[in-house]
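The values are calculated or read from the model by the stated rules, or taken from the named source; none is laboratory data. As the structure is a prediction and not an experimental result, all values here were calculated from the model. Counting neighbours? That spans all protein chains shown, and the Cβs are built from the backbone with ideal geometry, glycine included.
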């Protein structure tokens, strides 16, 4: 049986994305988005909270994120949930990660009017438009392009990617 793994989130970038490259020169970026929600407690009082959801993007989509996204940017992220694991640096055992592997990222919310927005299509080609929406879509990467174990990521002086663990 084949499952269905699809995620759509709207939130704000919680820190500036940092564009990096694997040893094989593939672009990737990691960042989190803050997604707020509310509920009523047992007394009928409205409570609010925020989840910080980790997002990973690869290839041209990662380059788009590194160039255009900043802390506080409102975004709509479409993708799938991806899990992975790694050995803890201190040798205390295996650690597990859960990320959203982005296939599409689109600006949402108010933006400064600069006379025209930029739309990003499958080829990540910039075209001038009069819309306030900016987006980019993954241009057909396969699962082999996304290392689940993060072993292809560029390592720091301690042998680990500075972004892992979250």
Checklist outcome for this item: Filtering the stretch 1-33 down to residues that are in a strand (DSSP E or B), farther than 21 Å from residue 52 by Cβ and in contact (Cβ under 8 Å) with a residue 40 or more places away in the chain yields 21
Checklist outcome for this item: Result of the Cβ filter at 7 Å on the stretch 42-59, keeping first residues that are more than 24 Å from residue 78 (Cα to Cα) and partners that are assigned to a strand (DSSP E or B), at least 6 apart or interchain, is 46/38; 46/40; 47/38; 47/39
Next on the checklist: Restricting to the stretch 64-94, count the residues that are assigned to a helix (DSSP H, G or I) and modelled with pLDDT of 95 or more.
Outcome noted: 0
Next on the checklist: Can you tell me which condition residue 17 does not meet? The list is (1) at pLDDT below 95; (2) under 24 Å from residue 107 (Cβ atoms); (3) surrounded by fewer than 16 Cβ atoms within 10 Å (Cβ to Cβ), and all the others hold.
Outcome noted: (3)
Checklist entry - In this structure, does residue 37 turn out to be modelled with pLDDT under 95, in a strand (DSSP E or B) and over 13 Å from residue 105 (Cα atoms)? => result yes
